Amino acid sequence: MKIKNICCIGAGYVGGPTMAVIAQKNPDITVTVVDVNAQRIQDWNDPDLNKLPIYEPGLDTVVAEARGRNLFFSTDVENAIDTAEMIFISVNTPTKTYGAGKGMAADLKYVELCARQIARVATSDKIVVEKSTLPVKTAEAIQSILDNTGNGVNFQILSNPEFLAEGTAMRDLAMPDRVLIGGNQTKEGKEAINALVAIYSSWVAKENILTTNLWSSELSKLTANAFLAQRISSINSLSALCEATGANVSEVAKAIGMDSRIGPKFLQASVGFGGSCFQKDILNLVYISKSLGLTEVADYWHQVIIMNNYQRERFVKNMIKTMYNTVSGKTIAFLGWAFKKDTNDTRESAAIYVADMLIEEQATIKVYDPKVTERQMLGDLDYLNTRSQKENARYLQTNDDPYKALEGAHAVAVLTEWDEFKSYNWQAMYDAMQKPAFVFDGRNILDKQELETIGFIYTAIGS
Ligand code: UDX
Ligand code: UDX
């Protein structure tokens, strides 16, 4: 089966860049990305490529090449569904905030709504692709909804999880370690798998396209994220041990990472991992394991989250202790708010939790982040519901000049590893701050020796 029209429901961090690359590499396929959020679609269509709704290095070039040629962004969801032979579901699947599984399970409300809409609208056979990260066995539910509410057309479900990391999404999409496609092991299922393999084959080598059954594919995505997050929690747990013993976590990470069985990646100790995926997917894994009666499995993975929370709290406690046991009335400048560099995404960013804890201690926070707006930061804090919006706005201020953000501050906390922080004029920063001037490097990116020579009291993670 040759696909000519693709529809993707959800123009977010995953749907937008992924479809842009599929369209770029397959000029003969029309790709329409739809979203219920009209403002988001308008932003994707903005002639000024600086106004795309998400920031991702290199995305603007790909959008410029394909948009209007075979890549379209639209709010006309129904028309796009009916025209397409293949429909990607790429809506968000946040952790449930209500009812059974609250705080643990994935909220599949939007995915189900998509399935029902596809079933209602489709007048020809469709391949429905799960792009969103979903609990294992979700395809069964989607198939049941499609078959029971559809118009008698045939639906094949595929699972095609996305492994891109934000900030490097365009490179990850152009040169993926692997593409994973799960499907039914029937004749029709295999045809559907092949149709999707053909699309990726436009630029990905065949040996890097892995095909599996549906459940292996769904579970592999959760597992990959759990393993990655586990490495960070492991090294972060050791950072505490390093601080207590005089070992240096960077040296330990290097020493163990040179063992080819362990490998060097994802061993960077930090104030804690953030992002929309790690916490949500592990909680989901824990919930599934518990539901299946696998308590020890659930507890094992839950510890990864407990360690991450501990790391954020430890960072704050250490700040307070170092600053003579009180930060009340003091100003702490934050460098960075995004959950990692090269993205404007702030979901689950450590900065949010660190700010919240410091505000509880009556500190004033002044933030500089090159890509995150003040509105976003205040929204993130308000979402925690710790205090009123008015109070949050009183305690959290922003500045789009880093030097101004640091003026008069008692301390600087580095929360995101943006490259530009390394090349600042730290002497000028020091001169403008209160004394003694503290630096709490939550990302271990600054030069300890340089800062100490200037006069800063410098604290890193794990040394
Ligand atoms: C994705 C995946 O889908 C998620 O499962 C994975 O774990 C992380 O990455 P992401 O692209 O980051 O989510 O989410 P987001 O940026 O919030 O985009 C989702 C989009 O879907 C939003 O623009 C939202 O408006 C849209 N949406 C949601 C719909 O169009 N219809 C809906 O019914 C619900
Ligand atoms: C992750 C997975 O990497 C990706 O494959 C999946 O598709 C989505 O989830 P993402 O969350 O975008 O991607 O970014 P990632 O680079 O994995 O970083 C996640 C968090 O871990 C960030 O807060 C980052 O700063 C932190 N991190 C990462 C560390 O603290 N130390 C490390 O060594 C690596």
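No value in this document is a laboratory result; all are computed from the given coordinates. All figures in this text were calculated on a predicted structure; none of them were measured in a lab. Here the Cβ is made from the backbone with ideal geometry for all residues, glycine too, and neighbour counts use every protein chain on show.
Taken about its Cα centre, the chain carries a charge dipole of roughly 600 debye when the Cβ of each Lys and Arg holds +1 and the Cβ of each Asp and Glu holds -1.
You can think of it this way: the chain between Leu210 and Ser260 has 15.6 nm of extra reach, that is 0.36 nm per residue less the Cα-Cα gap.
So how strong a dipole does the stretch 183-246 carry about its Cα centre when Lys and Arg Cβ are +1 and Asp and Glu Cβ are -1, to the nearest 20 debye? Could the numbers behind the result be given before it?
Working: 5 positive and 5 negative charges, 21 e Å.
Here the size comes out at about 100 debye.
In the chain, what % of DSSP beta bridges are antiparallel (nearest 5)? Within the chain, antiparallel bridges account for around 5 percent of the total. Placing unit charges on the Cβ atoms of the charged side chains and taking the dipole of the stretch 44-108 about its Cα centre, the candidate lying farthest along the positive direction among Ala84, Pro57, Leu108 is Leu108. With a ≥ b ≥ c taken as the square roots of the eigenvalues of the C-alpha gyration tensor of the stretch 219-264, please select rounded if a/c is under 1.5 and otherwise prolate if a/b is larger than b/c or oblate if it is not? Since a/c reaches 1.5 but b/c is at least a/b, the shape of the stretch 219-264 is classed as oblate. Taking packing as the residue-averaged number of other Cβ atoms within 10 angstrom, the listed peptides 37-44, 292-299, 73-80 run from highest to lowest as 73-80, 37-44, 292-299. Using the Cβ-Cβ distance between Asp46 and Ala198 with R0 set to 35 Å, the FRET efficiency from 1/(1 + (r/R0)^6) comes to roughly 0.65. Applying a DSSP loop filter and a limit of 16 other Cβ atoms within 10 Å to the trypsin sites (Lys or Arg not before Pro) in the stretch 237-302 leaves Arg261, Lys265.
Please work out whether the stretch 109-216 counts as rounded, prolate or oblate from its C-alpha gyration tensor, where a ≥ b ≥ c are the square roots of the eigenvalues and a/c under 1.5 means rounded, while otherwise a/b larger than b/c means prolate and anything else oblate? It is prolate, given that a/c is not under 1.5 and a/b is the larger ratio. Of all lysines in the structure, those lying under 18 Å Cα to Cα from Lys366, and not within fewer than 8 positions of it along the same chain, are Lys330, Lys390, Lys404, Lys435. Within the same chain, lysines fewer than 8 places from Lys102 are excluded, and of the rest, those with a Cα less than 17 Å from its Cα are Lys280, Lys290.
Run the Debye formula on the Cα coordinates of the stretch 316-443, all scatterers equal and no solvent, and tell me log10 I(q)/I(0) at q = 0.23 1/Å. Log10 of I(q)/I(0), two decimals: -1.53.
For the chain, how big is Rg over Rh, using alpha carbon atoms and the Kirkwood form of Rh? Could the numbers behind the result be given before it?
On the way: Rg = 23.5 Å, Rh = 23.7 Å.
Rounded to two decimals, Rg over Rh is 0.99.
The calculated P(r) of the stretch 51-192, using every Cα pair and 10 Å bins from 0, goes 10, 33, 37, 19, 1 in percent. Considering helices alone, the calculated mean residue ellipticity of the chain at 222 nm is -14000 deg cm²/dmol, with DSSP H runs of length four and up weighted by -39500 (n - 2.57) and normalised per residue.
Judged by the ratio a/c of the largest to the smallest principal axis of the C-alpha gyration tensor, the stretch 275-334 counts as prolate, that ratio being 1.5 or greater while a/b is larger than b/c. Overall, the stretch 330-443 carries a charge dipole of about 180 debye about its Cα centre when +1 sits on the Cβ of Lys and Arg and -1 on the Cβ of Asp and Glu, all other atoms neutral. Taking 24 Å as the straight-line reach from the Cα of Lys254, the lysines in range (excluding those fewer than 8 positions away in the same chain) are Lys265, Lys340, Lys341, Lys422, Lys448. Sorted into 10 angstrom bins from 0, the C-alpha pair distances of the stretch 330-387 split as 24, 60, 15, 0 percent. Measuring from a point 7 Å past the Cα of Asn318 along Cα-to-C-beta, which residues in the stretch 231-267 have an amide N at less than 17 Å? Inside the label zone: 232-254, 267. Its Cα gyration tensor gives the stretch 206-324 an equivalent ellipsoid, and the semi-axes of that ellipsoid, as √(5λ) in whole Å with the largest first, are 30, 20, 12. Spacing of the modelled spin labels on Leu241 and Ala428, each 7 Å from Cα toward Cβ, amounts to 4.3 nm.
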